[in-house]
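Take a look at the structure set out below.
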Amino acid sequence: MYPAQFEYHSPASVQEAISLLGRLKDDAKLLAGGHSLIPMMKLRLAQPKHVIDIRKIPGLSGIKEDGGAIAIGALTTHYAVESSSLLKQKCALLTETAGTIGDPQVRNMGTVGGSLAHADPAADYPAAAIALGAEVVAEGPKGKRTIKVDDFFKGLLTTALQPDEILVEIRIPSWPVGTGMAYMKFPHPASRFAVVGVAAVVTADGKKVGVGITGAGTKAVRAKGVEAALSGKTLDAAAIKAAAEARSPQQGFLANEFSWR
Amino acid sequence: MKRQIKVTINGVGYSHEVEPRLLLVHYIRDVVGLTGTHIGCDTSQCGACTILLNGMAIKCCTMLAVQADGAEILTIEGVAKDGHLHPIQEGFWEKHGLQCGYCTPGMILAAYQLLQRSPNPSEAEIRHNLEGNLCRCTGYHNIVKSIQYAAQKMAGR
Ligand SMILES: Cc1cc2nc3c(=O)[nH]c(=O)nc-3n(C[C@H](O)[C@H](O)[C@H](O)COP(=O)(O)OP(=O)(O)OC[C@H]3O[C@@H](n4cnc5c(N)ncnc54)[C@H](O)[C@@H]3O)c2cc1C
Ligand code: FES
Ligand code: FES
């Protein structure tokens, strides 16, 4: 299998990539790690006329502390997230989540920005990003803007990004020391995508709670009912059981509709 | 429009004009002529096409040749040195880590990266790190033993 013909572009800067997007419009697709786009192009589910390779644009990868938040460049690979000592210390939820994605080879190529921008309904990061209250930084012809994660995922493979915008950074707000966080995933035995995945973040005093669910619908969602049922409670077995039942009724399970995963 | 790319494979420099849609695995096998890198599933699942790209194990059926421009690549043909099997290859020989051998090049390169990242892996770590490599023959037990053999040999034990 090989993709349909296309023109390949390798811009040297974000600005150059944005102006290419502006010029080529719907005919163009950005290429980051390629681990969602290339399989789709091989199956001819995607047939872009132009492919804009951003993987080697400098300055778009890396993980650093920045004004109280942790800033993760869009081209940071899943492996770099999984093995980051800064994240292990400050935001273990992300290292844990990254480590569950696909397999080592996939994690060496796939990028955080690519995963969020692709918005696969079974992708792992979206659940973690929602639980953590992350922000997404997009850059377009008019400069940068910040999008709250709750406003970012719009539907199946659809985000708030404009056609001429590039996701450049993900920002994770700092959570107090002692905050508990975990990601649990029921992986599809063949693809390792999440049949369902749940990320939870709870502060030590139990007052601030974030819960994100992926795989259970057309897009990852915040489990508001669960959050409300948990916050301020002593987390004993009864409280946790009650919270688990508080997921909103529309969060049905679409695993059957997505049997191709 | 075709693109000129330059890559180094197993220490040898190559330069070719390629169509952007040419997959790296087809470039390595059909253009350069190194057929040790296999195509199993062609859908990013099986790992038979695993190579090292700038030291990282990747599935080259899921990468375009143009993306590899400027890269250093290691394929199975470059793993043995001076006519001597690499300890991982020796492990697969000694511990019967293969039957048909179709998955073996990919297994060896996945193991190569694992032992670079973690020279003394536990059995669980080995199994976890082979999640991207499927074998239809061995049931994996002897593959795990082969990699344990290599880890010991490389540590000089
Ligand atoms: C075998 C296999 C198993 C996998 N298992 C899992 C899994 O278990 N869990 C999981 O979450 N994922 C999984 N994935 C998907 C993987 O994580 C992808 O790498 C990821 O979803 C996309 O990232 P990428 O960098 O490869 O993006 P690409 O494939 O390059 O791009 C994907 C889409 O996002 C757009 N895009 C990319 N970067 C940007 C950007 N910076 N700004 C705007 N748009 C952008 C592209 O135009 C394209 O439409 C798997 C993939 C494979 C091949
Ligand atoms: S041929 Fe590349 S993963 Fe199977
Ligand atoms: S030895 Fe036959 S597939 Fe592994």
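Couple of notes before you dig in:
- Within the set A:Q5, A:Q15, the sole residue that is more than 21 Å from A:D164 (Cβ to Cβ) and either of a type in the set (S, T, Y) or more than 12 Å from ligand 1 (Cβ to nearest atom) (or both) turns out to be A:Q5.
- Residue within the range B:136-149 that is within 19 Å of B:Q45 (Cβ to Cβ) and within 16 Å of ligand 2 (Cβ to nearest atom) present: yes
- Test result for B:E90, within 18 Å of the chain's Cα centre (by Cα), more than 15 Å from ligand 2 (Cβ to nearest atom) and either closer than 21 Å to B:R29 by Cα or assigned to a strand (DSSP E or B) (or both): no
- Selection status of A:G22, open to solvent by less than 50 Å² (accessible area, probe 1.4 Å), in contact (Cβ under 8 Å) with a residue 60 or more places away in the chain, under 22 Å from A:D120 (Cβ atoms) and among the small types (G, A, S): no
- Highlighted here are the strands (runs of 3 or more DSSP E) found entirely within the range B:1-72 that include at least 2 residues which are within 14 Å of chain A (Cβ to nearest Cβ) and open to solvent by 20 Å² or more (accessible area, probe 1.4 Å): B:3-9.
- Any hit, the range B:106-122, residues being closer than 22 Å to A:Y79 by Cβ, within 16 Å of ligand 1 (Cβ to nearest atom), open to solvent by less than 10 Å² (accessible area, probe 1.4 Å) and of a type in the set (A, V, I, L, M, F, W, C): yes
- The range A:76-133 holds helices (runs of 4 or more DSSP H) entirely within its bounds, and those carrying 3 or more residues that are surrounded by 23 or more Cβ atoms within 10 Å (Cβ to Cβ), within 14 Å of another protein chain (Cβ to nearest Cβ) and touching a Ser or Thr at 6+ places or on another chain (Cβ under 7 Å) map to A:104-109.
- Residue within the range B:94-105 that is assigned to a strand (DSSP E or B), within 16 Å of ligand 2 (Cβ to nearest atom), surrounded by 17 or more Cβ atoms within 10 Å (Cβ to Cβ) and not polar (S, T, N, Q) present: no
- When the residues of the range A:81-123 are filtered to those that are among the acidic types (D, E) and closer than 21 Å to B:A110 by Cβ, the one that is nearest to ligand 1 (Cβ to nearest atom) is A:D103.
The values are calculated or read from the model by the stated rules, or taken from the named source; none is laboratory data. This one's a predicted model, so the numbers in the text were calculated from it and none came from an experiment. Neighbour counts are summed over all protein chains in view; Cβ atoms, including those assigned to glycine, are modelled from backbone coordinates with ideal geometry. The area values use the complete protein model at the heavy-atom level, side chains included, leaving out ligands, DNA and RNA. Shrake-Rupley method; radii C 1.70, N 1.55, O 1.52, S 1.80 Å.
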